[in-house]
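Participant: Got a structure for you, questions after.
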Amino acid sequence: MKTCLISTIQFYPDFGGAAIRSLNIAKMLTRIGYNVVVLTVEPSYLRGLKRTERHNVKVFDIMSERTLNNEKNIRIYRLKMIPLQHIRLVDRILRYVYFTVISIIFLILIRKKLRKENIQIDFIYTHFPPLFSYMTGYIFSKLMKMRFLIDVQDLLPEQIETIYKGSLNKFMIPLMYALVRKMYRAADKITLANLVMKKILNKRYEIDMDKMMFLPTGIEQIIHYNKLRARNVLIRKRLMPESFIDKKLIIYTGVMDPPQSLDTIIKAFYNLRQKTSINNIGLILVGEGKMKNKLRRLVHELNLNDIIYIHSYVPRSIALLYICASDIGLVPLKLSKGLKIGLPTKFFDYISCGKPILNISESIELHRLVYRYDIGLSVYPDEDVIYSALLNIAKCSFVNKEQNVLKIQKEFDINNLCNLLKRFLLL
(Lines give C-alpha, C1' and ligand atoms only; values in the text may rest on other atoms or scores of the structure.)
Protein backbone atom coordinates (compact mmCIF):
# COMPACT_ATOMS: atom_id res chain seq x y z
CA MET A 1 0.00 0.00 0.00
CA LYS A 2 1.35 3.44 -0.97
CA THR A 3 1.81 6.13 1.67
CA CYS A 4 1.13 9.86 1.42
CA LEU A 5 2.58 12.38 3.87
CA ILE A 6 0.40 15.49 4.38
CA SER A 7 1.91 18.63 5.88
CA THR A 8 -0.58 21.20 7.20
CA ILE A 9 -0.73 23.59 10.14
CA GLN A 10 -4.50 23.08 10.51
CA PHE A 11 -6.14 19.69 10.84
CA TYR A 12 -9.11 18.15 12.62
CA PRO A 13 -10.30 18.87 15.29
CA ASP A 14 -9.15 22.42 14.57
CA PHE A 15 -11.78 25.00 13.65
CA GLY A 16 -11.79 26.36 10.10
CA GLY A 17 -12.03 25.54 6.43
CA ALA A 18 -8.39 24.51 5.98
CA ALA A 19 -8.69 21.88 8.73
CA ILE A 20 -11.87 20.37 7.26
CA ARG A 21 -10.51 20.35 3.71
CA SER A 22 -7.30 18.58 4.75
CA LEU A 23 -9.33 16.02 6.72
CA ASN A 24 -11.59 15.29 3.75
CA ILE A 25 -8.64 14.91 1.36
CA ALA A 26 -6.96 12.54 3.84
CA LYS A 27 -10.14 10.44 3.91
CA MET A 28 -10.34 10.43 0.11
CA LEU A 29 -6.77 9.15 -0.09
CA THR A 30 -7.48 6.28 2.31
CA ARG A 31 -10.54 5.30 0.28
CA ILE A 32 -8.47 4.97 -2.90
CA GLY A 33 -5.92 2.74 -1.19
CA TYR A 34 -3.34 5.02 0.46
CA ASN A 35 -1.95 5.10 3.96
CA VAL A 36 -1.94 8.71 5.13
CA VAL A 37 0.52 10.27 7.58
CA VAL A 38 -0.29 13.81 8.71
CA LEU A 39 2.21 16.25 10.21
CA THR A 40 0.34 19.08 11.90
CA VAL A 41 0.24 21.02 15.17
CA GLU A 42 -1.83 21.03 18.34
CA PRO A 43 -5.37 22.34 17.79
CA SER A 44 -5.20 26.12 18.18
CA TYR A 45 -8.60 27.34 16.98
CA LEU A 46 -7.07 30.36 15.25
CA ARG A 47 -6.24 32.20 18.47
CA GLY A 48 -3.47 30.11 20.03
CA LEU A 49 -5.85 28.49 22.53
CA LYS A 50 -4.56 25.16 23.81
CA ARG A 51 -7.46 22.71 24.08
CA THR A 52 -5.77 19.42 23.29
CA GLU A 53 -7.01 17.88 26.52
CA ARG A 54 -10.56 18.06 25.22
CA HIS A 55 -9.70 15.78 22.34
CA ASN A 56 -7.64 13.18 24.20
CA VAL A 57 -4.46 14.09 22.34
CA LYS A 58 -1.44 13.02 24.36
CA VAL A 59 1.13 15.80 24.14
CA PHE A 60 4.79 15.00 24.71
CA ASP A 61 7.65 17.48 24.90
CA ILE A 62 7.82 18.08 21.17
CA MET A 63 5.60 15.73 19.18
CA SER A 64 2.70 13.36 19.77
CA GLU A 65 1.34 10.51 17.66
CA ARG A 66 -2.15 9.10 17.29
CA THR A 67 -4.52 7.65 14.73
CA LEU A 68 -7.71 9.39 13.67
CA ASN A 69 -10.90 7.96 15.18
CA ASN A 70 -12.45 5.31 12.91
CA GLU A 71 -9.75 5.88 10.27
CA LYS A 72 -7.09 3.21 10.80
CA ASN A 73 -5.04 4.34 7.80
CA ILE A 74 -4.62 7.95 9.00
CA ARG A 75 -1.76 8.49 11.43
CA ILE A 76 -1.31 11.97 12.91
CA TYR A 77 1.84 13.57 14.33
CA ARG A 78 1.28 16.85 16.21
CA LEU A 79 3.97 19.43 16.96
CA LYS A 80 3.87 21.93 19.79
CA MET A 81 3.60 25.52 18.60
CA ILE A 82 4.87 28.77 20.04
CA PRO A 83 2.08 30.32 22.18
CA LEU A 84 1.05 33.29 19.99
CA GLN A 85 -2.51 34.57 19.67
CA HIS A 86 -2.52 34.22 15.85
CA ILE A 87 -4.45 37.49 15.38
CA ARG A 88 -1.87 39.98 14.06
CA LEU A 89 -0.18 39.34 10.71
CA VAL A 90 3.25 39.22 12.37
CA ASP A 91 2.01 36.50 14.77
CA ARG A 92 0.73 34.39 11.90
CA ILE A 93 3.94 34.74 9.91
CA LEU A 94 6.05 33.81 12.96
CA ARG A 95 3.91 30.69 13.50
CA TYR A 96 4.16 29.77 9.83
CA VAL A 97 7.93 30.25 9.72
CA TYR A 98 8.34 28.22 12.93
CA PHE A 99 6.21 25.42 11.48
CA THR A 100 8.17 25.47 8.22
CA VAL A 101 11.56 25.15 9.93
CA ILE A 102 10.69 22.63 12.64
CA SER A 103 8.52 20.44 10.39
CA ILE A 104 11.42 19.76 8.00
CA ILE A 105 13.37 18.30 10.92
CA PHE A 106 10.48 16.18 12.12
CA LEU A 107 9.51 15.04 8.63
CA ILE A 108 12.94 13.44 8.45
CA LEU A 109 12.42 11.81 11.87
CA ILE A 110 8.97 10.56 10.86
CA ARG A 111 10.36 9.06 7.65
CA LYS A 112 13.07 7.29 9.65
CA LYS A 113 10.46 5.92 12.09
CA LEU A 114 8.21 4.70 9.26
CA ARG A 115 11.09 2.97 7.49
CA LYS A 116 11.66 0.87 10.61
CA GLU A 117 8.07 -0.32 10.12
CA ASN A 118 8.82 -1.02 6.43
CA ILE A 119 6.61 1.89 5.35
CA GLN A 120 7.92 3.90 2.40
CA ILE A 121 6.58 7.44 1.82
CA ASP A 122 5.69 7.84 -1.87
CA PHE A 123 4.94 11.56 -1.97
CA ILE A 124 4.52 14.62 0.21
CA TYR A 125 1.28 16.61 -0.15
CA THR A 126 1.44 20.15 1.29
CA HIS A 127 -1.78 21.95 2.25
CA PHE A 128 -1.77 24.92 4.62
CA PRO A 129 -0.51 27.61 5.07
CA PRO A 130 0.10 28.55 1.43
CA LEU A 131 3.73 29.14 0.47
CA PHE A 132 5.18 28.18 3.88
CA SER A 133 3.95 24.58 3.76
CA TYR A 134 4.88 24.46 0.06
CA MET A 135 8.49 25.31 0.93
CA THR A 136 8.51 22.56 3.55
CA GLY A 137 7.32 20.04 0.99
CA TYR A 138 9.71 21.27 -1.68
CA ILE A 139 12.78 20.98 0.56
CA PHE A 140 11.72 17.59 1.95
CA SER A 141 10.96 16.19 -1.53
CA LYS A 142 14.39 17.28 -2.77
CA LEU A 143 16.18 15.79 0.24
CA MET A 144 14.28 12.49 0.05
CA LYS A 145 13.86 12.36 -3.75
CA MET A 146 10.10 11.89 -3.82
CA ARG A 147 7.10 13.42 -5.57
CA PHE A 148 5.88 16.82 -4.41
CA LEU A 149 2.17 17.77 -4.48
CA ILE A 150 0.44 21.01 -3.52
CA ASP A 151 -3.16 21.66 -2.51
CA VAL A 152 -4.00 25.33 -3.18
CA GLN A 153 -6.64 26.46 -0.70
CA ASP A 154 -5.89 30.20 -0.87
CA LEU A 155 -3.85 32.47 -3.13
CA LEU A 156 -1.55 33.85 -0.46
CA PRO A 157 0.25 36.75 -2.20
CA GLU A 158 -3.03 38.03 -3.64
CA GLN A 159 -4.82 37.97 -0.27
CA ILE A 160 -1.90 39.42 1.70
CA GLU A 161 -1.47 42.18 -0.87
CA THR A 162 -5.14 43.20 -0.57
CA ILE A 163 -5.84 42.78 3.15
CA TYR A 164 -2.55 44.14 4.49
CA LYS A 165 -1.79 46.65 1.74
CA GLY A 166 0.46 49.43 3.05
CA SER A 167 1.52 47.55 6.20
CA LEU A 168 4.16 45.37 4.51
CA ASN A 169 7.62 46.16 3.23
CA LYS A 170 7.44 46.99 -0.50
CA PHE A 171 9.82 44.10 -1.27
CA MET A 172 7.73 41.51 0.63
CA ILE A 173 4.92 41.05 -1.91
CA PRO A 174 7.18 40.62 -4.99
CA LEU A 175 9.26 38.12 -2.99
CA MET A 176 6.12 36.14 -2.11
CA TYR A 177 5.02 36.08 -5.75
CA ALA A 178 8.45 34.85 -6.84
CA LEU A 179 8.55 32.09 -4.20
CA VAL A 180 5.00 30.93 -4.91
CA ARG A 181 5.73 30.80 -8.65
CA LYS A 182 8.78 28.62 -7.97
CA MET A 183 6.75 26.27 -5.72
CA TYR A 184 3.93 25.89 -8.26
CA ARG A 185 6.39 25.10 -11.03
CA ALA A 186 8.35 22.65 -8.87
CA ALA A 187 5.25 20.66 -7.85
CA ASP A 188 4.48 17.43 -9.71
CA LYS A 189 0.71 17.85 -9.23
CA ILE A 190 -1.54 20.62 -7.92
CA THR A 191 -5.08 20.30 -6.59
CA LEU A 192 -7.24 23.41 -6.32
CA ALA A 193 -10.05 24.39 -3.94
CA ASN A 194 -12.04 26.02 -6.75
CA LEU A 195 -12.21 26.10 -10.52
CA VAL A 196 -11.32 29.79 -10.98
CA MET A 197 -7.85 29.18 -9.47
CA LYS A 198 -6.97 26.92 -12.39
CA LYS A 199 -7.24 29.78 -14.89
CA ILE A 200 -5.37 32.17 -12.59
CA LEU A 201 -2.43 29.79 -12.05
CA ASN A 202 -2.26 29.08 -15.77
CA LYS A 203 -2.33 32.75 -16.82
CA ARG A 204 -0.43 34.43 -13.96
CA TYR A 205 2.11 31.73 -13.10
CA GLU A 206 2.18 29.86 -16.45
CA ILE A 207 1.33 26.49 -14.89
CA ASP A 208 0.35 23.71 -17.29
CA MET A 209 -3.42 23.01 -17.16
CA ASP A 210 -2.83 19.23 -17.19
CA LYS A 211 -0.77 19.53 -14.00
CA MET A 212 -3.77 20.93 -12.06
CA MET A 213 -7.15 19.58 -10.96
CA PHE A 214 -10.13 21.23 -9.32
CA LEU A 215 -10.87 19.09 -6.25
CA PRO A 216 -13.89 20.34 -4.25
CA THR A 217 -13.60 20.11 -0.46
CA GLY A 218 -16.69 17.97 -0.66
CA ILE A 219 -19.15 16.58 1.85
CA GLU A 220 -17.92 13.89 4.21
CA GLN A 221 -21.45 12.87 5.21
CA ILE A 222 -24.99 14.05 4.55
CA ILE A 223 -26.60 15.10 7.84
CA HIS A 224 -30.30 14.50 8.42
CA TYR A 225 -31.43 16.16 11.63
CA ASN A 226 -34.84 17.66 12.31
CA LYS A 227 -34.71 21.46 12.49
CA LEU A 228 -37.15 21.85 15.39
CA ARG A 229 -35.44 19.09 17.34
CA ALA A 230 -32.05 20.77 16.83
CA ARG A 231 -33.47 24.07 18.10
CA ASN A 232 -34.89 22.44 21.19
CA VAL A 233 -31.53 20.79 21.94
CA LEU A 234 -29.69 24.13 21.62
CA ILE A 235 -32.25 25.92 23.79
CA ARG A 236 -32.04 23.18 26.42
CA LYS A 237 -28.23 23.51 26.43
CA ARG A 238 -28.62 27.31 26.68
CA LEU A 239 -26.84 27.76 23.36
CA MET A 240 -29.72 29.62 21.71
CA PRO A 241 -32.40 32.04 23.02
CA GLU A 242 -35.82 30.47 23.51
CA SER A 243 -37.36 33.35 21.51
CA PHE A 244 -35.63 31.99 18.36
CA ILE A 245 -37.74 28.82 18.29
CA ASP A 246 -40.20 30.12 15.65
CA LYS A 247 -37.95 32.48 13.68
CA LYS A 248 -36.53 32.03 10.19
CA LEU A 249 -32.87 31.73 11.12
CA ILE A 250 -29.73 32.64 9.17
CA ILE A 251 -26.56 30.96 10.48
CA TYR A 252 -22.89 31.83 10.15
CA THR A 253 -20.19 29.61 11.65
CA GLY A 254 -16.56 30.61 11.29
CA VAL A 255 -14.02 33.38 11.67
CA MET A 256 -15.23 36.84 12.73
CA ASP A 257 -12.60 39.09 11.18
CA PRO A 258 -12.82 42.27 9.02
CA PRO A 259 -12.96 40.39 5.67
CA GLN A 260 -16.29 38.82 6.73
CA SER A 261 -17.81 42.32 7.13
CA LEU A 262 -20.39 41.00 9.61
CA ASP A 263 -20.96 44.51 10.97
CA THR A 264 -22.51 45.47 7.60
CA ILE A 265 -24.94 42.55 7.90
CA ILE A 266 -25.89 43.55 11.45
CA LYS A 267 -26.61 47.11 10.25
CA ALA A 268 -28.81 45.68 7.49
CA PHE A 269 -30.82 43.86 10.18
CA TYR A 270 -31.12 47.19 12.00
CA ASN A 271 -32.49 48.81 8.81
CA LEU A 272 -34.98 45.97 8.47
CA ARG A 273 -36.27 46.68 11.97
CA GLN A 274 -36.38 50.44 11.45
CA LYS A 275 -38.15 50.37 8.08
CA THR A 276 -40.54 47.42 8.54
CA SER A 277 -42.51 45.61 11.22
CA ILE A 278 -40.91 42.26 10.25
CA ASN A 279 -39.73 40.34 13.30
CA ASN A 280 -39.75 36.74 12.09
CA ILE A 281 -36.10 36.58 10.97
CA GLY A 282 -33.02 36.08 13.15
CA LEU A 283 -29.24 35.82 12.81
CA ILE A 284 -26.87 33.49 14.67
CA LEU A 285 -23.09 34.04 14.55
CA VAL A 286 -20.83 31.31 15.95
CA GLY A 287 -17.05 31.44 16.09
CA GLU A 288 -13.96 33.41 17.06
CA GLY A 289 -12.08 36.41 15.71
CA LYS A 290 -10.90 39.89 16.49
CA MET A 291 -14.29 41.37 15.51
CA LYS A 292 -16.36 39.22 17.88
CA ASN A 293 -16.47 41.63 20.84
CA LYS A 294 -17.04 44.63 18.55
CA LEU A 295 -19.97 42.82 16.95
CA ARG A 296 -21.46 42.05 20.37
CA ARG A 297 -21.22 45.71 21.34
CA LEU A 298 -22.82 46.75 18.05
CA VAL A 299 -25.75 44.35 18.56
CA HIS A 300 -26.26 45.75 22.06
CA GLU A 301 -26.02 49.38 20.92
CA LEU A 302 -28.58 48.83 18.16
CA ASN A 303 -30.87 46.94 20.55
CA LEU A 304 -30.94 43.81 18.35
CA ASN A 305 -30.35 41.19 21.05
CA ASP A 306 -33.80 39.68 20.42
CA ILE A 307 -33.00 38.87 16.76
CA ILE A 308 -29.17 38.49 16.68
CA TYR A 309 -27.30 35.98 18.84
CA ILE A 310 -23.49 35.69 18.96
CA HIS A 311 -21.75 32.66 20.49
CA SER A 312 -18.06 31.84 20.91
CA TYR A 313 -16.25 28.78 19.55
CA VAL A 314 -18.08 25.46 19.85
CA PRO A 315 -16.94 21.94 18.83
CA ARG A 316 -17.71 20.98 15.25
CA SER A 317 -20.59 18.70 16.32
CA ILE A 318 -22.34 21.66 17.96
CA ALA A 319 -21.58 23.92 14.99
CA LEU A 320 -23.33 21.39 12.74
CA LEU A 321 -26.25 21.34 15.18
CA TYR A 322 -26.55 25.12 14.81
CA ILE A 323 -26.66 24.69 11.03
CA CYS A 324 -29.33 22.00 11.28
CA ALA A 325 -31.39 24.32 13.50
CA SER A 326 -31.27 27.13 10.93
CA ASP A 327 -32.98 27.84 7.63
CA ILE A 328 -30.24 29.46 5.57
CA GLY A 329 -26.43 29.34 5.66
CA LEU A 330 -24.59 32.66 5.42
CA VAL A 331 -21.30 33.02 3.49
CA PRO A 332 -19.95 36.57 3.98
CA LEU A 333 -16.75 37.83 2.34
CA LYS A 334 -15.72 41.43 1.86
CA LEU A 335 -14.51 42.32 -1.63
CA SER A 336 -10.80 41.76 -2.12
CA LYS A 337 -8.54 40.63 -4.92
CA GLY A 338 -7.69 37.33 -3.23
CA LEU A 339 -11.03 36.55 -1.60
CA LYS A 340 -12.94 37.23 -4.82
CA ILE A 341 -12.07 33.78 -6.12
CA GLY A 342 -12.49 31.93 -2.80
CA LEU A 343 -14.92 29.08 -2.15
CA PRO A 344 -15.29 28.88 1.66
CA THR A 345 -15.48 25.42 3.18
CA LYS A 346 -18.54 26.44 5.22
CA PHE A 347 -20.45 26.27 1.89
CA PHE A 348 -20.04 22.50 1.99
CA ASP A 349 -21.09 22.36 5.66
CA TYR A 350 -24.34 24.13 4.80
CA ILE A 351 -24.95 21.87 1.79
CA SER A 352 -24.27 18.73 3.87
CA CYS A 353 -27.06 19.84 6.24
CA GLY A 354 -29.44 20.59 3.37
CA LYS A 355 -29.45 24.38 3.81
CA PRO A 356 -29.82 27.02 1.05
CA ILE A 357 -27.07 29.65 0.79
CA LEU A 358 -27.08 33.41 1.34
CA ASN A 359 -23.88 34.50 -0.38
CA ILE A 360 -22.95 38.08 0.58
CA SER A 361 -19.72 38.45 -1.34
CA GLU A 362 -18.19 38.74 -4.78
CA SER A 363 -16.84 35.20 -4.74
CA ILE A 364 -17.00 34.31 -8.43
CA GLU A 365 -17.07 30.56 -7.80
CA LEU A 366 -19.74 30.72 -5.09
CA HIS A 367 -21.88 33.08 -7.18
CA ARG A 368 -21.67 30.59 -10.06
CA LEU A 369 -22.68 27.64 -7.89
CA VAL A 370 -25.60 29.45 -6.21
CA TYR A 371 -27.15 30.45 -9.52
CA ARG A 372 -26.24 27.36 -11.50
CA TYR A 373 -28.03 25.09 -9.04
CA ASP A 374 -30.57 27.68 -7.77
CA ILE A 375 -29.69 27.00 -4.13
CA GLY A 376 -30.10 30.43 -2.58
CA LEU A 377 -29.36 34.13 -3.02
CA SER A 378 -26.11 35.79 -4.06
CA VAL A 379 -25.82 39.54 -3.42
CA TYR A 380 -23.20 42.30 -3.30
CA PRO A 381 -21.80 43.09 0.19
CA ASP A 382 -23.60 46.41 0.49
CA GLU A 383 -25.87 47.42 3.40
CA ASP A 384 -28.86 48.38 1.22
CA VAL A 385 -28.54 45.33 -1.03
CA ILE A 386 -28.33 43.05 2.03
CA TYR A 387 -31.44 44.76 3.45
CA SER A 388 -33.36 43.88 0.26
CA ALA A 389 -32.14 40.27 0.47
CA LEU A 390 -33.29 40.00 4.10
CA LEU A 391 -36.68 41.40 3.10
CA ASN A 392 -36.90 38.72 0.40
CA ILE A 393 -35.96 35.96 2.83
CA ALA A 394 -38.50 37.14 5.43
CA LYS A 395 -41.36 37.17 2.92
CA CYS A 396 -40.58 34.24 0.61
CA SER A 397 -40.41 30.48 0.96
CA PHE A 398 -37.14 28.69 0.24
CA VAL A 399 -38.70 25.22 -0.12
CA ASN A 400 -37.71 24.87 -3.81
CA LYS A 401 -34.15 25.92 -3.07
CA GLU A 402 -33.96 23.37 -0.22
CA GLN A 403 -35.00 20.66 -2.69
CA ASN A 404 -32.29 21.81 -5.11
CA VAL A 405 -29.69 21.56 -2.33
CA LEU A 406 -30.68 17.94 -1.74
CA LYS A 407 -30.14 17.23 -5.44
CA ILE A 408 -26.51 18.40 -5.48
CA GLN A 409 -25.40 16.73 -2.25
CA LYS A 410 -24.39 13.58 -4.14
CA GLU A 411 -22.28 15.56 -6.61
CA PHE A 412 -20.08 16.85 -3.77
CA ASP A 413 -19.98 13.61 -1.76
CA ILE A 414 -16.30 12.80 -1.14
CA ASN A 415 -16.98 9.16 -2.07
CA ASN A 416 -17.83 10.37 -5.58
CA LEU A 417 -14.77 12.63 -5.68
CA CYS A 418 -12.39 9.77 -4.85
CA ASN A 419 -12.28 8.44 -8.42
CA LEU A 420 -11.38 11.89 -9.75
CA LEU A 421 -8.45 12.11 -7.31
CA LYS A 422 -7.32 8.55 -8.09
CA ARG A 423 -7.20 9.15 -11.85
CA PHE A 424 -5.35 12.46 -11.34
CA LEU A 425 -2.67 10.90 -9.10
CA LEU A 426 -2.08 8.10 -11.63
CA LEU A 427 -1.51 10.48 -14.55
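The values are calculated or read from the model by the stated rules, or taken from the named source; none is laboratory data. All of these numbers come straight from a predicted model, not from anything done at the bench. Note that we place each Cβ from the backbone using ideal geometry, even for glycine, and neighbour counts take in every protein chain shown.
Participant: Would you tally the residues in region 252-282 being touching a strand residue (DSSP E or B) at 6+ places or on another chain (Cβ under 8 Å) and within 14 Å of LEU391 (Cβ to Cβ)?
Facilitator: 5
Participant: With the requirement that a residue be farther than 23 Å from LEU321 by Cα and among the hydroxyl-bearing types (Ser, Thr, Tyr), what does region 237-288 give you?
Facilitator: Selection gives SER261, THR264, TYR270, THR276, SER277.
Participant: When both residues are 6+ apart or on different chains and their Cβ atoms are under 6 Å apart, which pairs have a first residue that lies in region 367-385 and is outside any loop (DSSP other than H, G, I, E, B), and a second that is charged (D, E, K, R) and at pLDDT below 90?
Facilitator: GLY376/LYS401
Participant: Out of the residues in region 173-201 that are at pLDDT 95 or above and surrounded by fewer than 16 Cβ atoms within 10 Å (Cβ to Cβ), which is farthest from GLY218 (Cα to Cα)?
Facilitator: So, considering only residues that are at pLDDT 95 or above and surrounded by fewer than 16 Cβ atoms within 10 Å (Cβ to Cβ), the one farthest from GLY218 (Cα to Cα) is LYS182.
Participant: Now, a different point. Going residue by residue through region 354-363, is there one that turns out to be closer than 15 Å to ASP327 by Cβ, surrounded by 22 or more Cβ atoms within 10 Å (Cβ to Cβ) and basic (Lys, Arg)?
Facilitator: Yes, that holds for at least one residue.
This table checks each residue for (1) acidic (Asp, Glu); (2) in contact with a His (Cβ under 6 Å, 6 or more places away or on another chain); (3) surrounded by fewer than 17 Cβ atoms within 10 Å (Cβ to Cβ); (4) modelled with pLDDT of 90 or more.
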| residue | (1), (2), (3), (4) |
| --- | --- |
| ASP91 | yes, no, yes, no |
| PHE99 | no, no, no, no |
| PHE132 | no, no, no, yes |
| TYR138 | no, no, no, yes |
| LYS142 | no, no, yes, yes |
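Participant: A follow-up question, please. Can you report the number of residues in region 266-296 which are assigned to a loop (DSSP other than H, G, I, E, B), buried (at least 21 other Cβ atoms within 10 Å of the Cβ) and at pLDDT 90 or above?
Facilitator: Here the count works out to 1.
Participant: For region 127-227, give me every one of the helices (runs of 4 or more DSSP H) that falls completely inside it and has 3 or more residues that are without any contact (Cβ under 8 Å) to a residue 60 or more places away in the chain.
Facilitator: 132-144, 172-186, 195-204
Participant: Now for a separate question. ARG231 fails exactly one of the following numbered conditions: (1) closer than 17 Å to CYS353 by Cα; (2) buried (at least 17 other Cβ atoms within 10 Å of the Cβ); (3) under 24 Å from the mean Cα position of the chain (by Cα); (4) not hydroxyl-bearing (Ser, Thr, Tyr). What is the number of that condition?
Facilitator: Result: ARG231 fails condition (3) only.
Participant: While we're on this one: Which members of region 1-42 meet the condition of being part of a loop (DSSP other than H, G, I, E, B) and in contact with a Cys (Cβ under 8 Å, 6 or more places away or on another chain)?
Facilitator: Matches in region 1-42: ILE32, TYR34.
Participant: Right, next: May I ask you to verify whether SER261 is farther than 26 Å from LEU333 by Cβ, touching a residue at least 24 places away in the same chain (Cβ under 8 Å) and outside the structural domain of ASN419 (by TED's automatic domain parsing)?
Facilitator: no
Participant: Then there's this: Report yes if ILE266 is under 19 Å from LEU330 (Cα atoms), out of contact with any Pro (no Cβ under 7 Å at 6 or more places or on another chain) and not assigned by TED's automatic domain parsing to the domain that holds LYS292, otherwise no.
Facilitator: Spelling it out, it is not the case that ILE266 is under 19 Å from LEU330 (Cα atoms), out of contact with any Pro (no Cβ under 7 Å at 6 or more places or on another chain) and not assigned by TED's automatic domain parsing to the domain that holds LYS292.
Participant: Scan region 95-126 residue by residue and report those that are touching a strand residue (DSSP E or B) at 6+ places or on another chain (Cβ under 9 Å), assigned to a loop (DSSP other than H, G, I, E, B) and not aliphatic (A, V, I, L, M).
Facilitator: GLN120
Participant: Hey, does region 395-405 have a residue that's over 22 Å from GLN10 (Cβ atoms), touching a Ser or Thr at 6+ places or on another chain (Cβ under 9 Å), of a type in the set (Asp, Glu) and assigned to a helix (DSSP H, G or I)?
Facilitator: No, that holds for no residue.
Participant: Moving on to the next point. Does LEU239 satisfy the criteria of being buried (at least 21 other Cβ atoms within 10 Å of the Cβ) and at pLDDT 95 or above?
Facilitator: no
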